[in-house]
Amino acid sequence: MKLGIDAMGGDHAPSEIVQGAIEAARLIDAQLVLYGQAEQILPLIGDRPILVVDCREVIQNDEMPVPVIRSKTDSSMVRGLMDLKEGKIDGFLSAGSTGALLAGGLLRVGRIKGIERPALTTVYPMNDRMGLLVDAGANADCKPAHLRDFALMSSIYVEKVYGIDNPKVGLVNIGEEPGKGNELVKNTFPLMEKAPINFVGSIEGRDIPSGKVDIVVTDGFTGNVILKLSEGLAKTMGQWVKEMFLKNAITKLSSLFFKQGFREFKARLDYTEYGGAALLGVNGALVKAHGSSNAKAIKNAVLYMEKYAASGVIAEIKQALDSLLAEEADERANPE
């Protein structure tokens, strides 16, 4: 197996990206391939058995996604995406521009047949485990069929990659009753009920962190708001706790007794522990790492990408879609 990494993408590229790749290479059997400017990458690799594909261009975060994917054909991101499409690598990871990677996934790799909109996933901390939030920001405007497809793809993904049997799927709503919500949610609900997934119904925002479901499905606009609000709330609460224990000498002393608990709490919210986020719906194992990823985050993202690439998720999604589309075509041809 060969796994590609965009060495020039991210706030700390290429040093942290390369170091993360080096650390991951010690733990997996896959051949790693770094895409980027060879004169910067090779001195960091030394004599380690990691391949380098020399790419002269770099995609910046402030560049318009679609034009830059079309114009910078010798960039580390585009070269990696093209190799993924052509089967030269089995997975590709980038911490670069999210917009460019989404555009590149569509334009350079292509969609799975039957999927209109790929979706960006992200792990989400729940009561006793990590769940999945989808879509996390790829599609601000969605149709009911898009949300149904997100649920179908993420169900297969969570089962195969996370090892959760028959994962529970919830649709984000302003109430649990089927008749509540906007037109998108109301029209999505019956599609979810018919889909071959473990759909448990609508869930409210407060139910997400409780772990009521394994997969939280919503449009990309709402999903991104949920994600960013949660990140901000966790950061603010952490600051509140810190200020509380630094208030005076007594509170500082008492904080020593809670030190280990604080470490465990921080680890559960640390994105570097969980690696990257899959872009489901493209015809290849494409993974987005956080833009500020350090070596630890890249290492974990590579380990996760290896598991994703070897899982057979994409083949199962194709099979499930074929069955679903065939059933829908039969229903249209033979209405009751």
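Enumerate the pairs (first residue in region 200-228 and at negative phi; second residue anywhere and among the hydroxyl-bearing types (Ser, Thr, Tyr) and in a loop (DSSP other than H, G, I, E, B)) with beta-carbon separation below 8 Å, excluding pairs fewer than 6 apart on the same chain, so at least 6 apart or on different chains.
As it stands, the answer is Ile226/Thr218, since those pairs meet every condition given.
Looking only at region 38-64, which residues are surrounded by 13 or more Cβ atoms within 10 Å (Cβ to Cβ) and either more than 26 Å from the chain's Cα centre (by Cα) or outside any loop (DSSP other than H, G, I, E, B) (or both)?
The answer is Ala38, Gln40, Ile41, Leu42, Leu44, Ile45, Leu51, Val52, Val53, Asp54, Glu57.
Just checking, which of Ala315, Ala309 is in a helix (DSSP H, G or I), surrounded by fewer than 21 Cβ atoms within 10 Å (Cβ to Cβ) and of a type outside the set (Lys, Arg)?
Ala315
Considering region 125-144 alone, what residues qualify as being assigned to a strand (DSSP E or B) and under 12 Å from Asn224 (Cα atoms)?
Leu133, Val134 - these are the residues of region 125-144 that are assigned to a strand (DSSP E or B) and under 12 Å from Asn224 (Cα atoms).
Go over the candidates Ala234, Ala151 one by one and state the one that is touching a strand residue (DSSP E or B) at 6+ places or on another chain (Cβ under 6 Å) and either assigned to a loop (DSSP other than H, G, I, E, B) or within 30 Å of Lys307 (Cβ to Cβ) (or both). Even if it seems obvious, please write down each step before you answer.
Details: Ala234 fails: touching a strand residue (DSSP E or B) at 6+ places or on another chain (Cβ under 6 Å).
None of the other options fit; the residue is Ala151.
Over 24 Å from Ile215 (Cβ atoms), at pLDDT 95 or above and not aliphatic (A, V, I, L, M): does that describe Ser75? Give the steps one after another, and end with the answer.
Working: over 24 Å from Ile215 (Cβ atoms): yes; at pLDDT 95 or above: yes; not aliphatic (A, V, I, L, M): yes.
Against the criterion (over 24 Å from Ile215 (Cβ atoms), at pLDDT 95 or above and not aliphatic (A, V, I, L, M)), Ser75 qualifies.
Which count do you get for residues in region 139-189 that are surrounded by fewer than 17 Cβ atoms within 10 Å (Cβ to Cβ), closer than 21 Å to Gly114 by Cβ and among the basic types (Lys, Arg)?
Of the residues in that region, 1 qualify.
Just a yes or no: is a residue in region 65-75 in the same structural domain as Leu321 (by TED's automatic domain parsing), in contact with a strand residue (DSSP E or B) (Cβ under 8 Å, 6 or more places away or on another chain), closer than 25 Å to Lys299 by Cα and crowded, with 20+ Cβ neighbours inside 10 Å?
yes
The values are calculated or read from the model by the stated rules, or taken from the named source; none is laboratory data. Here the structure is a predicted model, which means the values were calculated and not measured. Please note: Cβ atoms are built from the backbone with ideal geometry, for glycine as well, and neighbour counts cover all protein chains shown.
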